[in-house]
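Take a look at the structure below.
The values are calculated or read from the model by the stated rules, or taken from the named source; none is laboratory data. Computed from a predicted structure; not experimentally measured. Neighbour counts run over all protein chains shown; Cβ positions are idealised from the backbone, glycine included. Side chains are part of the model used for accessible areas, which takes the heavy atoms of the whole protein and leaves out ligands, DNA and RNA. Shrake-Rupley method; radii C 1.70, N 1.55, O 1.52, S 1.80 Å.
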Amino acid sequence: MQDRHEVVVVTGAGAGLGRAVAREFALHGASVGLISRNQRRLEAAKSEVEALGGKAVIVSADMAHADQVEHAAGYIEQQLGPITIWVNGAMTTVFSPFHEMSPEEFKRVNDVTYMGYVHGTMAALKRMRPRNQGTIVQIGSALAYRPIPLQTAYCGAKHAIKGMTEGLRCELMHEGSNVHVTLVEMPALNTPQFDWCKSHLPRRARPVAPVYQPEVGARAVYWAAHQRRRQVYVGVSSLLTIWGNKLAPALMDRFMARTAVSGQQTSETEDPDRPDNLWQPVRGDRGARGRFGRESKSRSEQFWLTTHRNQVGLIAGSLLLAGMAWCATRHTQRPRHLVTDQRRS
């Protein structure tokens, strides 16, 4: 199905999941507004979108600055028309023990990852509420529910995004608005962030296994943008992490303390002088994927079940009824000698 009349904004569109999300919407013929800091990567993303059949407009902006985000939204609408879907995905992090981070680093992570979502959501609502239509997709994380060591700033920002979004949803429901807000909770993804986010770790950072390709997350974002779900989980690891923390948070604390520090580092030594993207974008275009392709999953069975739950429920119900019928038939068709023996006794 072609969505030629959709105008979609993707923040953090220059690389990683945002780049994959832009391509996914382009596959369906959408017009896409691409927002990121790095002009070269935006131009590369624009070329990909157009090669896949979509139309693209690029705007270089830092999501930490509300005025830049508002300008970007206005420019995209001038070029493409009314925004129908806004996807918040821009992020940064610092891989570090809490005590080794500076206040400025911690604040910067929140300015981009949390306040960037706030600024994007405000810009989207400014346009969607008067029209009484539109969808805002917040790219969330299982780490909003189950924080891990070495990413306290990022986990805090994702937790804040969850709180802001759920409060906003209630406000929209109260006023009877048709604007829909949804959270898509992501697992670990194979993106370039582990090579360019700032790190104070002795060894190179890595995603906590299991790892999925960013295209898995992109398909989930596209699907969520066209549903009325309040929340979508991606990957069985997200499901188990979130529910595990709900049922046994103290146990999860101990488990993460034992496994998550080593689980976020490879055996390779980190270069303390490598460029990072905390304050300025790193040069070069690295696309959507990172260096963990060999171990990354290209599909999620859990998400397939989510998107086909009606069919799965129908099949399960049919099997249950068939099983009950079979049991009833076995009960009524007992062998004659058993019936005779029972009568004699």
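So that you can scan it fast, the table gives a plain yes or no per residue for (1) open to solvent by less than 10 Å² (accessible area, probe 1.4 Å); (2) of a type in the set (A, V, I, L, M); (3) farther than 25 Å from ALA224 by Cα:
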residue	(1), (2), (3)
GLY29	yes, no, no
VAL32	yes, yes, no
SER36	no, no, no
VAL49	yes, yes, no
GLY54	no, no, no
HIS71	no, no, yes
VAL94	yes, yes, yes
ARG108	no, no, yes
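Scan (1) assigned to a helix (DSSP H, G or I); (2) among the aliphatic types (A, V, I, L, M); (3) over 13 Å from VAL7 (Cα atoms) for the single condition ILE76 breaks and write down its number. Answer for ILE76: the failing condition is (3).
Number of residues in the range 54-71 that are assigned to a helix (DSSP H, G or I) and either in contact (Cβ under 8 Å) with a residue 60 or more places away in the chain or touching a helix residue (DSSP H, G or I) at 6+ places or on another chain (Cβ under 7 Å) (or both): the value is 3. When TRP86 is tested against the conditions (1) open to solvent by less than 20 Å² (accessible area, probe 1.4 Å); (2) more than 17 Å from VAL234 (Cβ to Cβ); (3) not in a strand (DSSP E or B), the lone failure is (3). Here ARG203, ARG169 are screened, and the one residue that is surrounded by fewer than 21 Cβ atoms within 10 Å (Cβ to Cβ), more than 28 Å from ASP276 (Cα to Cα), out of contact with any helix residue (DSSP H, G or I) (no Cβ under 7 Å at 6 or more places or on another chain) and in contact (Cβ under 8 Å) with a residue 60 or more places away in the chain is ARG169. Which members of the range 251-293 meet the condition of being in a helix (DSSP H, G or I) and either over 21 Å from the mean Cα position of the chain (by Cα) or farther than 26 Å from GLY18 by Cα (or both)? Selection gives LEU251, MET252, ASP253, ARG254, PHE255, MET256, ALA257, ARG258, THR259, VAL261, SER262.
When the residues of the range 133-158 are narrowed to those that are open to solvent by 20 Å² or more (accessible area, probe 1.4 Å) and out of contact with any Leu (no Cβ under 8 Å at 6 or more places or on another chain), which ends up farthest from LEU189 (Cα to Cα)? So the residue we want is GLN133. Please work out which one of (1) under 30 Å from GLY81 (Cβ atoms); (2) part of a helix (DSSP H, G or I) is the condition TYR154 fails and give its number. Result: TYR154 passes all but (1).
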